[in-house]
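Chemist: Starting off with a structure, shown below.
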Amino acid sequence: MRAVPDQQVPPEVDGATVPATVPGCVHTDLLAAGLIPDPYLDDNETALAWIGRTDWAYETTFDRPAGEHTRLDLVCAGLDTVATITLNGVEVARTENMHRGYRFDVTALLRAEDNNLAVRFDSAYRYAEAQRDRLGDRPNAYPEPFQFIRKMACNFGWDWGPTLVTAGIWQEIALHGWSVARLAVVRPAVTVDGDTGRVQVHVDVERAADRPLTVRAQVAGEHAEVTLPARRSSALLTLTVHRPELWWPRGHGAPHRHELTVTLHDSDGGTLDEWHRRIGFRSVRLDTTPDEHGAPFAWYVNEVPVFVRGVNWIPDDVFPNRVTRQRLAHRFDQAEAANINLLRVWGGGRYESADFYDLADERGLLVQQDFLFACAAYPEEEPFATEVAAEASEQVIRLAPHPSLVLWTGNNENIWGWHDWDWQAPLAGRSWGRGYYLELLPRIIATLDPTRPYWPGSPWSGREEIHPNHPAYGTTHIWDVWNTDDYVTYREYLPRFVAEFGYQGPPAYATLRRALSDEPLTHDSPGMAHHQKAADGDRKLRRGLEAHLPEPRDFDDWHWLTQLNQARAIALGVEHFRSHRGRCMGAIVWQLNDCWPVTSWSAVDGDGRRKPLWYALRRVYADRLLTVQPRGSGLALVAVNDSGQPWRASAIASRLTLTGEPKAKSTLELEVPAYSAVTVALPDELAQPDDARNELLVAETGDRTDRAWWFFAEDRDLTWPAAAFDATVEPTEGGQRVRVTARTILRDVTLYPDRLDPSAEVDAALVTLLPGESATFTVRADAPLDAAALTSRPVLRCVNDLQGRAPF
Ligand code: BMA
């Protein structure tokens, strides 16, 4: 790989031939060759902007593969992005879409030895800017031309991502030899009706010979066979399975899968090609029937109502080749352990990988895949109309076999943007994508994937006459909280389904320390500022603290309190939305993951470390949730039961002073049917404090459910006792057990062992203890950590260690 000659590149790159890793991209190759610094550290990103403005050339030589084949195809699963492919000096093709795969018949071009394959990538910037100039500019969320090229949009930078515009052979490239015929498309449509599972397998073959062929399909012990006469190239096979073991989303049953095999046979019976996927039998129904409140957005999987406890997913790394199956599996472990049941693959990234979908299928995680349009007005002129149609058809066919995929969405925020973000005047009638979202894509889904729902946008109300972000209709995004309002404003919404709501917090300390050389490290030191991409992000973080917490005195306090506030904000939103289960049927938090070390809305940071938000999600996304909610002028205890079993419990609710003196106590009988929430008003003696600044309410059921807490005033206004506790540290298998015994109340005890060792992790966080109670934290690290350091500031924090601190 090398920079195309005669460009402005650094001298060490000019003329250098760099070993290329395929799949990969130029950034990771240059980094591996020691020619550039790590783009994720400090502000190296800025100095590397030239890479995206440079043309790059890949080259290799190879011998013709052995074997007798009528056809030899060059198969490029993914080229990023503006590519010219040349074989033995002959131009084979030019491509301009990262989201498509290509197959070229190169039989006639190949010689026995020393074939030369060259792929040249023109600067994505130059292409996009030229399209923009030709078609007329269109509004978008960031000053980059990302909507004028079919390439991962966030590559051009986002409010959580760096601008590192890649080029390269980002997916497998190979020669495929075949004779007579091959399976070009296999498209199973799986339905479940009562006891009957049905797979309709649509097959297209590509032929190199005109003679009769046979297609066979089998699944769950059932077989089907079709003969394709000469010249015919499409077949439909139907397999009916009586009482198949169903695929269930996590929390509702096992995600059973069944191997579907399709084989193609020559007239003599010999096998020409085969195709295998593990499919799942499950039905998916989206109820959007208008009701007295507006219109719901309610999921039924196998006719069971599933409340979505989701997270938005962004590319897990700027450089997709780094996102291995193992890394995805780890991220999915984190999602599952946080009781998440759905991942929404956001439209500014990619159509997720085979590994991603296979892991989701295997674990029963539901997936919503956006088509790749985000936060911009997109041109519908050529070449984009053709590219989008081809890309969408290919991706729908590729992903349709996956049972985890339950919804296609047309775009991220583009219909909303057209309505509310002052796009219409600058557009002056130019195309903006409407035809994609409301005509082309639904047509493609109806043809190629008719068993799966399609929703034109996120957010979308269901009808063009109703504002796309109307909370009472369909899906909504709530961004006033974070941008302008305090987080308690979540309670003013009674949405049907929240597809995005988020709150920022910084990454783990060890992540910051790995990425930034700032000395001193402060909330606005140069590296911190560079790794905060949101408009006014630092000010919004601080503004968000003011109503709740004391003013941070130093970086350690700032880090603890902003992480805590992030967790509190989202927990409050989720508890509120879940408390309205029925009317509201889903919440998708923005965002699970990061693509580099950055302050963002994520629960897991760019180095894979869990922020306090992750622990909060695990609690508020549990199958059974007990929560105290304001109702009218009083308080109510709400018990939410997402499981298929009724939940019967006695809840003990107590009003106490902050020093633990009982003021009132009451037992409430809870009878919560499966898939529902029950609201029990709390008697005044519990709900009305004598001294709001010195009291709390706690409710618990004694089963595995976490406690529900209610404080009658904000932390900054409470008369906290200074935190006092005893702590012991004992070695345990693979780590250390930290036992904290409270002598006073301790609010939201959190350990930051990564302050001592970047490898260290802890199993619990945000634990509130009443005087006399104990909690155990298990810390795992590569080496034992110092006991005194583990149990003191800045590792062990609680809210009332800030006692006596002045409010803002
Ligand atoms: C929404 C998302 C993203 C963005 C996030 C935070 O708009 O769809 O585009 O990163 O908010 O601002």
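Chemist: Distances over 18 Å make up what percent of all Cα-Cα pairs in the range 180-279?
Modeler: 46 percent
Chemist: Could you calculate the contour length gain from Glu464 to Arg53, that is, 0.36 nm times the residue separation minus the distance between their Cα atoms, to one decimal place in nm?
Modeler: Here the segment from Glu464 to Arg53 would lengthen by 144.0 nm.
Chemist: What order do you get for 424-430, 224-230 when each peptide is scored by the mean count of other beta carbon atoms within 10 Å, highest first?
Modeler: Result, highest mean first: 224-230, 424-430.
Chemist: Where only protein heavy atoms count, and the probe is 1.4 Å, what is the accessible area per residue for the chain in Å²?
Modeler: Averaged over the residues of the chain, the accessible area is 37 Å².
Chemist: Continuing with the same structure: Sorted by average packing, counted as other Cβ atoms within 10 angstrom per residue and highest first, what order do 695-703, 159-167 take?
Modeler: 159-167, 695-703
Chemist: Right, another one. Pick out the long, greasy-scoring helices in the chain: whole DSSP H runs spanning 24 Å or more along their own axis by Cα, mean Kyte-Doolittle at least -1.0.
Modeler: 555-579
Chemist: With a Förster radius of 51 Å, plug the Cβ-Cβ distance of His276 and Ala33 into 1/(1 + (r/R0)^6) and report the FRET value to the nearest 0.05.
Modeler: 0.85
Chemist: Amide H to amide H under 5 Å from Leu635: which residues, 5+ apart in sequence or cross-chain, H placed 1.01 Å off N in plane?
Modeler: Here the answer is Leu682, since their amide H atoms fall under 5 Å of that of Leu635.
Chemist: About the Cα centre of the chain, how large is the charge dipole given +1 on each Lys and Arg Cβ and -1 on each Asp and Glu Cβ? Please answer in debye to the nearest 20.
Modeler: Computed about the Cα centre, the dipole is about 1400 debye.
Chemist: On to the next question. What value, in deg cm²/dmol to 500, does the helix sum -39500 (n - 2.57) over DSSP H runs of n ≥ 4 give at 222 nm once divided by the residues of the chain?
Modeler: Estimated from H runs of four or more residues: -5000 deg cm²/dmol.
Chemist: Still on this structure, please answer the following. Out of Leu770, Gly735, Ser792, whose Cα points farthest toward the positive end of the dipole of the range 725-803 (charges: +1 Lys, Arg; -1 Asp, Glu; placed on Cβ)?
Modeler: Leu770
Chemist: Given a Förster distance of 35 angstrom, what is the FRET efficiency for Thr70 paired with Glu172, based on the Cβ-Cβ distance and rounded to 0.05?
Modeler: After rounding, the FRET efficiency stands at 0.95.
Chemist: Another question, then. Rounded to the nearest 0.05, what FRET efficiency do Leu41 and Arg243 have when you use their Cβ-Cβ distance and R0 = 45 Å?
Modeler: So the FRET efficiency works out to roughly 0.20.
Chemist: Which distance in nm do the two modelled labels at His419 and Glu733 give, with both placed 7 Å along the Cα-to-Cβ direction?
Modeler: 5.5 nm
Chemist: Shifting gears a bit: If you take all C-alpha pairs in the range 624-717, what percent of them are over 22 Å apart?
Modeler: The share of Cα pairs beyond 22 Å in the range 624-717 comes to 26 percent.
Chemist: What distance in nm separates the simple spin-label points at Ser676 and Arg126, each placed 7 Å from Cα in the Cβ direction?
Modeler: That separation, rounded to one decimal, is 6.6 nm.
Chemist: Which residues among the range 300-322 fall inside the zone where the amide N is under 18 Å from a point 7 Å beyond the Cα of Ala77, along Cα→Cβ?
Modeler: 316-317, 319-322
Chemist: Let me ask you something else. To the nearest 20 Debye, how big is the dipole of the range 1-155 about its Cα centre, given +1 on the beta carbon of each Lys and Arg and -1 on that of each Asp and Glu?
Modeler: 660 debye
Chemist: Sticking with this one: For Thr324 and Trp709 in one chain, what is 0.36 nm times their gap in residues minus the Cα-Cα distance, to one decimal in nm?
Modeler: Length gained, Thr324 through Trp709: 134.6 nm.
Chemist: Which whole-Hz couplings ³J(HN,Hα) result when phi for each residue of the range 247-254 is put into the Karplus expression 6.51 cos²θ - 1.76 cosθ + 1.60, θ = phi - 60°, listed in order with x for Gly and Pro?
Modeler: 8, 10, x, 4, x, 10, x, 7
Chemist: Within the accessible area of the chain, what % is carbon and sulfur when the probe is 1.4 Å and the other protein chains stay in place?
Modeler: About 48 percent, which is the carbon plus sulfur part of the accessible surface.
Chemist: For the range 481-515 and the range 603-681, what is the centre-to-centre distance using only Cα atoms, to the nearest Å?
Modeler: The range 481-515 and the range 603-681 have Cα centres spaced 20 Å from each other.
Chemist: A follow-up question, please. Please give the contour-minus-distance gain from Asp114 to Gln7: 0.36 nm per residue of separation, less the Cα-Cα distance, rounded to one decimal in nm.
Modeler: Roughly 35.6 nm would be gained on extension.
Chemist: Here's a follow-up. Of the peptides 656-667, 570-581, how do they stack up when ordered by the mean number of other Cβ atoms within 10 Å, highest first?
Modeler: Peptide ranking by packing, descending: 570-581, 656-667.
Chemist: How big is the chain in terms of Cα radius of gyration and Dmax, in angstroms?
Modeler: Rg, Dmax (Cα atoms, Å): 28.4, 90.
Chemist: Now for a different question. Would you calculate the separation in nanometres between label points at Ala209 and Ala788, each defined as 7 Å from the Cα along the Cα-to-beta-carbon direction?
Modeler: 8.3 nm
Chemist: While we're looking at this one, here's another question. Could you give each residue of the range 166-180 its phi-based ³J(HN,Hα) in whole Hz, using Karplus coefficients 6.51, -1.76, 1.60 with θ = phi - 60°, and x for Gly or Pro?
Modeler: 8, 8, x, 8, 8, 10, 3, 10, 7, 9, 10, x, 8, 9, 6
Chemist: In addition: How high is the relative contact order of the chain, in percent, with contacts defined as C-alpha pairs under 8 Å that are six or more residues apart?
Modeler: Once divided by the residue count of the chain, the mean separation gives 9 percent.
The values are calculated or read from the model by the stated rules, or taken from the named source; none is laboratory data. All values derive from a computational prediction rather than experimental measurement. FYI the Cβ positions are ideal-geometry reconstructions off the backbone, even for glycines, and counts take in every protein chain you see. Heads up: the accessible areas ignore ligands, DNA and RNA and are worked out on the full protein's heavy atoms, side chains in. Shrake-Rupley method; radii C 1.70, N 1.55, O 1.52, S 1.80 Å.
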